[in-house]
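J.: Below is the structure I would like to discuss, written out as structure tokens.
The values are calculated or read from the model by the stated rules, or taken from the named source; none is laboratory data. Nothing here was measured: the structure is a model prediction, and the numbers come from that model. Positions of Cβ are backbone-derived with ideal geometry, glycine not excepted, and every protein chain shown enters the neighbour counts. Heads up: the accessible areas ignore ligands, DNA and RNA and are worked out on the full protein's heavy atoms, side chains in. Shrake-Rupley method; radii C 1.70, N 1.55, O 1.52, S 1.80 Å.
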Amino acid sequence: MKKAIQIGAGNIGRGFIGGLLSDAGYHVVFADVNEAVINKINEDGQYTIHVMDVESSEEVITNISGISSAGPEMIDAVVEAEFITTAVGLRILPIIAPSIAQGIEKRAAQGVNEYLNIVACENAIRGTSQLKASVYEKLSDEGKAYADQYVGFADCSVDRIVPPVKCDNPIDVVVEAYYEWNVEEAALKGPIPEIKGMNLAGNLEAYIERKLFTLNTGHCITAYLGCLKGYSTIDEAIADEEIYKIVKGAMTESGMGLVKKHGLDKEAHLKYIDKIIGRFNNPYLKDDVLRVGRDPLRKLSPTDRLANPTLTAAGYGLPVDNLLIGIAAALHYKDDQNFTDKLNELGIRGFLKEFSGITDEAMLDKIEENYAKLA
């Protein structure tokens, strides 16, 4: 039987990628450090994905097992796997890389000549490439030669809202109906895996930035403005006319940058923006603004969902007024002491110059002005 490893047995791992792999006929091994989740997966042997949308449904996921991602069984699982996916967060990828590398070395030592494809399904740009770099640091020259021949590292973009809703069964998951999983076809090795729901992409960068500049940009700006107005969930916040106007404006500004950069069809992209905002209105998800807004330091970085679309659009001479409001709102979201200390130490202008890559004085003036208005 085909075997896949889903590293990260959290809501995204179970509610999105793990479910697709199971549906495709793989025995899915969930690898995680959360012993309670792994034990429950092994005890029940199944869980339910609850699709909560205008039309709701349920899907029971079977043919699964669980292992510790920190234990020696992880190495043996890599030896036996045909497909490995992750949903652990960008900062954890270097931590799981050594086990993957040891598994690849063991495959080489045992003469395994079957292909293995690895896809990091992270909310980041080129997450798989970053994982590959960490894995290759741990490989011997022989291991690298083997990986070059038999192991594919394919970047991807993932898009599904999976809020941390508590179910009666702790491993059941609540998701929205919509999802996208775009995988870089050219980077896959051997026969292309047949997985319904996995879209094989040529120009992956366009897919990655379309999602980052649209869903992620609009989602976090909704959260930051919602927090400032005292809303608890994304659907409550986007129902506020003032917030809706700013969010729609920011997504349109970022979208016009994408149209210029990637030659996207303008009207088609505007319809895509409307579809994304429609997802924010889903009252069944109860998506917490605090969850969506967390880690603003990362979200303000030059390659992420606030500075990146702003700098892209501005680079083409396009307006970015609403995006600058979103950045100002993010600066009000001080969810950790490190963020607060750096902002207090450097001031808004110094902070943004150092951490966001925004150096244009006119833009910085506008952000400071918006910051004061939102206070």
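J.: Any residue that is polar (S, T, N, Q) and either open to solvent by 20 Å² or more (accessible area, probe 1.4 Å) or without any contact (Cβ under 8 Å) to a residue 24 or more places away in the chain (or both) - is there at least one of those in region 270-290?
T.: Taking region 270-290 first, the residues polar (S, T, N, Q) are 281-282.
With the extra rule that they be either open to solvent by 20 Å² or more (accessible area, probe 1.4 Å) or without any contact (Cβ under 8 Å) to a residue 24 or more places away in the chain (or both), the set shrinks to 281.
Within region 270-290 (the criterion being polar (S, T, N, Q) and either open to solvent by 20 Å² or more (accessible area, probe 1.4 Å) or without any contact (Cβ under 8 Å) to a residue 24 or more places away in the chain (or both)), the answer is yes, since at least one residue qualifies.
J.: Within region 123-138, restricting attention to residues that are of a type in the set (D, E, K, R) and at pLDDT 95 or above, which residue is nearest to the chain's Cα centre (by Cα)?
T.: So in region 123-138, the residues of a type in the set (D, E, K, R) come out as 126, 132, 137-138.
Subset that is at pLDDT 95 or above: 132, 137-138.
Details: K132: 17, E137: 24, K138: 25 Å.
Only one residue fits best here, namely K132.
J.: Where residues in region 147-158 are of a type outside the set (S, T, N, Q) and out of contact with any Ser or Thr (no Cβ under 9 Å at 6 or more places or on another chain), which of them is surrounded by the fewest Cβ atoms within 10 Å (Cβ to Cβ)? Let's see the steps before the verdict.
T.: Step one: of region 147-158, the residues of a type outside the set (S, T, N, Q) are 147-148, 150-156, 158.
Still in the running and out of contact with any Ser or Thr (no Cβ under 9 Å at 6 or more places or on another chain): 147-148, 150-152, 158.
On the way: A147: 24, D148: 11, Y150: 18, V151: 26, G152: 21, V158: 23.
The qualifying residue surrounded by the fewest Cβ atoms within 10 Å (Cβ to Cβ) is D148.
J.: Would you confirm whether any residue within region 223-239 is small (G, A, S), over 22 Å from the mean Cα position of the chain (by Cα) and farther than 30 Å from A328 by Cα?
T.: Among the residues of region 223-239, not one is small (G, A, S), over 22 Å from the mean Cα position of the chain (by Cα) and farther than 30 Å from A328 by Cα, which makes the answer no.
J.: I'm told P193 meets every condition in (1) over 28 Å from A250 (Cβ atoms); (2) surrounded by 15 or more Cβ atoms within 10 Å (Cβ to Cβ); (3) out of contact with any Asp or Glu (no Cβ under 6 Å at 6 or more places or on another chain); (4) at pLDDT 95 or above except one. Can you identify the failing condition by its number?
T.: P193 satisfies every listed condition except (4).
Listed here are the residues, each with its yes/no results for (1) over 30 Å from I49 (Cα atoms); (2) at pLDDT 95 or above; (3) open to solvent by less than 40 Å² (accessible area, probe 1.4 Å).
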{"position": "D295", "(1), (2), (3)": "no, no, yes"}
{"position": "A307", "(1), (2), (3)": "yes, yes, yes"}
{"position": "T312", "(1), (2), (3)": "yes, yes, yes"}
{"position": "Y316", "(1), (2), (3)": "yes, yes, no"}
{"position": "D321", "(1), (2), (3)": "yes, yes, no"}
{"position": "I325", "(1), (2), (3)": "yes, yes, yes"}
{"position": "Q337", "(1), (2), (3)": "yes, no, no"}
{"position": "K373", "(1), (2), (3)": "yes, yes, no"}
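J.: Inspect region 120-129 for any residue being among the aliphatic types (A, V, I, L, M) and either assigned to a helix (DSSP H, G or I) or over 30 Å from A313 (Cα atoms) (or both) and give the result as yes or no. Even if it seems obvious, please write down each step before you answer.
T.: Quick first cut of region 120-129, residues among the aliphatic types (A, V, I, L, M) only: 120, 124-125.
Applying the additional criterion that residues be either assigned to a helix (DSSP H, G or I) or over 30 Å from A313 (Cα atoms) (or both) yields none.
No.
J.: Hey, another quick one. Given the conditions (1) open to solvent by 10 Å² or more (accessible area, probe 1.4 Å); (2) part of a loop (DSSP other than H, G, I, E, B); (3) modelled with pLDDT of 95 or more, report the number of the one that A177 does not fulfil.
T.: A177 satisfies all of (1) open to solvent by 10 Å² or more (accessible area, probe 1.4 Å); (2) part of a loop (DSSP other than H, G, I, E, B); (3) modelled with pLDDT of 95 or more except (3).
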